[in-house]
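For reference, the structure is listed below as structure tokens.
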Amino acid sequence: MIRFLFNDELVCLDDCSPDTTVLEYLRTIAEQRGTKEGCASGDCGACTVVIAEAIDGQLRYCNVNSCITFLGGLHGKQLLTVEHLQQSGALHPVQQAMVDLHGSQCGFCTPGFIMSMFALYKNTHSPSRAEVERGLAGNLCRCTGYRPIIDAALSLAGKSGQDQFSDSEQATLERLTTLVSETPTGQLTYRGRHFFVPTSSDELASLLLTYPDAKLVAGGTDLALSVTQQLQQPNVLIYTGRVAELLTITDSDAALTIGAGVSYSEAEPLLHQHFPAFAELLDRLGSLQVRNQGTLGGNVANASPIGDTPPVLLALNAVLHVRTGDQRQSIGIDDFFLGYRHTALPESGFIERIEIPKQPDQQLSVFKVSKRLDDDISAVCAALALVIEEGHVRAARLGFGGMAATPARALKAEQALIGQPFTEAGIVAAQQALAQDFQPIDDVRATGTYRLMVAQNLLLRAVYEQGADKEQAMEVVQYA
């Protein structure tokens, strides 16, 4: 059985298909149809809802895409939709702002915008325009235009405070705490198919030994597409979002260690502190809705050749800590990706945490080239971790995505860089060596020729940026 709060109503479910999405539940089971279905792939934001969870004695509100969120992941949480914002017939402040500033026309996208604005209202007292744009970047509007919508969000600055959710916050906290303590683990079973919600690494390891073909649901932002787009029906899904050991972050002098179940949004503050270029990449990884659920561990285990974080982890020489049953091992990121969507992860194994070494003398540059700035897939992603002494490259690790069947290092280009001055002339050999490292293919995102040219240009961009020549660096971006 899974148990969650639907606004203030307790919902208990046990006989339900494990691949049921929150959107499907809302529209076909709960018959609450204010939440819309647009793309069914987490791109348009029409289906945005807010999930509240008890974290360290307070409620944390996250906007997510309900079309790619599995229902079982709601266990122990509160689900809020646009229907819940009105109180005694009066509009919530975010709804009233949209009315007053004419932020809705056809209205199809409006519920999603309202819920993203509501999360912003609850989490940020006086959002700046940049914070508003970031908070709404995962919501698309095709008729109203974004100016009145942004104006509506900006009009709420300094006004966030008491609403019915603030008034009932303590009671909701107590109810969610009781739910989790009474039913720590959850499960859905339907016609021999299962959705499990373990709470410890031991439970997760045991389940994977029993069901070695199970699919792990971390954020599910990619896995759910196999259900909504390809109509697959996984027999066993195991949710990692409540496994305590996978939700920790350890910050030591030697390394930043991130649990495989930690979301991008949760990891971002410490990444900003220690690896700012990595954190800046996350701003372009999906939308806020995706980053609130997607995980570093899931992105690595997914092993997509166009995943955004593996190139950075390759450049930073990360180590993956893996568990299979009672056995634990460490796998260097260089040895993890074996082929297209094929990794060194053992059968019944899972990533517990990702260790990122700290090297104070290392300079990290990360670049993502895609057709859109936000919420788009990379054509090329490049990460350059360099140690430069007296203007010369002493050490180099270059990680690339979109250039091969797996995320990969450019080993020949690295060797061509070492010992050379980090200048336009000094990188020419490395640029040429990239053609030996990679023979990228043509696909819908880019041609192989374009990808190789972009990768070579990104080395030049790194030279300009490290030399603080921002104008030249931007010219390289425009050329790419």
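The values are calculated or read from the model by the stated rules, or taken from the named source; none is laboratory data. Given the structure is predicted, the values throughout are model-derived calculations rather than measurements. In this analysis, Cβ positions are derived from the backbone assuming ideal geometry, glycine residues included, and neighbour counts consider all displayed protein chains.
Condition first: touching a helix residue (DSSP H, G or I) at 6+ places or on another chain (Cβ under 6 Å), of a type outside the set (Val, Ile, Thr) and either at pLDDT 95 or above or assigned by TED's automatic domain parsing to the domain that holds Lys77 (or both). Can you find one or more residues in the stretch 324-336 that meet it?
Yes, because at least one residue in the stretch 324-336 is touching a helix residue (DSSP H, G or I) at 6+ places or on another chain (Cβ under 6 Å), of a type outside the set (Val, Ile, Thr) and either at pLDDT 95 or above or assigned by TED's automatic domain parsing to the domain that holds Lys77 (or both).
(1) assigned to a strand (DSSP E or B); (2) buried (at least 24 other Cβ atoms within 10 Å of the Cβ): which one isn't true of Met403, the others all being true?
(1)
Does the stretch 312-320 contain any residue that is farther than 27 Å from Gln456 by Cα and assigned to a strand (DSSP E or B)?
Kept after step one, since they are farther than 27 Å from Gln456 by Cα, are these residues of the stretch 312-320: 319-320.
Still in the running and assigned to a strand (DSSP E or B): 319-320.
Yes, there is a match, as at least one residue in the stretch 312-320 is farther than 27 Å from Gln456 by Cα and assigned to a strand (DSSP E or B).
Could you say which residue among Ala224, Ala218, Ala205 is buried (at least 16 other Cβ atoms within 10 Å of the Cβ) and either at positive phi or in contact with a Ser or Thr (Cβ under 6 Å, 6 or more places away or on another chain) (or both)?
Checking each option against the conditions leaves just Ala218.
Among the residues of the stretch 31-83, which ones are at positive phi and either crowded, with 23+ Cβ neighbours inside 10 Å or polar (S, T, N, Q) (or both)?
Across the stretch 31-83, the qualifying residues are Gly42, Gly45, Gly76.
Report, by residue number, each residue of the stretch 102-122 that is more than 15 Å from Cys44 (Cα to Cα) and among the aromatic types (Phe, Trp, Tyr).
Result: Phe118, Tyr121.
If you take the residues in the stretch 227-242 that are of a type in the set (Val, Ile, Thr) and under 25 Å from Ser287 (Cβ atoms), which one is surrounded by the fewest Cβ atoms within 10 Å (Cβ to Cβ)? Explain how you work it out, then say what you get.
At the first step, the residues of the stretch 227-242 found to be of a type in the set (Val, Ile, Thr) are 227-228, 236, 238, 240.
Adding the requirement that they be under 25 Å from Ser287 (Cβ atoms) leaves 227-228, 240.
Values: Val227: 24, Thr228: 19, Thr240: 27.
Among residues in the stretch 227-242 that are of a type in the set (Val, Ile, Thr) and under 25 Å from Ser287 (Cβ atoms), the one surrounded by the fewest Cβ atoms within 10 Å (Cβ to Cβ) is Thr228.
Of all residues being under 24 Å from Asn302 (Cα atoms) and of a type in the set (Lys, Arg) in the stretch 406-453, which is surrounded by the most Cβ atoms within 10 Å (Cβ to Cβ)? Just the residue, please.
Here the answer is Arg451.
Any residue in the stretch 50-62 that's in contact (Cβ under 8 Å) with a residue 40 or more places away in the chain and under 12 Å from Asn123 (Cβ atoms): show its pairings with residues that are among the charged types (D, E, K, R) and part of a loop (DSSP other than H, G, I, E, B) at Cβ separation under 7 Å, as long as the two are six or more apart or on different chains.
Close Cβ pairs satisfying both conditions: Ala52/Lys77.
Looking only at residues that are β-branched (Val, Ile, Thr) and touching a Gly at 6+ places or on another chain (Cβ under 8 Å) in the stretch 329-359, which one is farthest from Val387 (Cα to Cα)?
That would be Ile351.
Could you tell me which numbered condition Gly467 fails, if it satisfies all but one of (1) farther than 21 Å from Asp335 by Cα; (2) at pLDDT 95 or above; (3) of a type outside the set (A, V, I, L, M, F, W, C)?
(2)
Does the stretch 68-123 hold any residues that are under 24 Å from Ser168 (Cα atoms) and among the small types (Gly, Ala, Ser), and which are they?
Hits for the stretch 68-123 are Gly73, Gly76, Ser88, Gly89, Ala90, Ala97, Gly112, Ser116, Ala119.
Can you name the number of the only condition in (1) closer than 17 Å to Ala383 by Cα; (2) surrounded by fewer than 15 Cβ atoms within 10 Å (Cβ to Cβ) that Ala254 fails?
Looking at each condition in turn, Ala254 falls short on (1).
Only one residue in Glu347, Glu280 is of a type in the set (Asp, Glu), outside any loop (DSSP other than H, G, I, E, B) and surrounded by fewer than 21 Cβ atoms within 10 Å (Cβ to Cβ), so which one is that?
When all the criteria are applied, what remains is Glu280.
Residues being of a type in the set (Gly, Ala, Ser) and within 24 Å of the chain's Cα centre (by Cα): count how many of those fall in the stretch 127-165.
6
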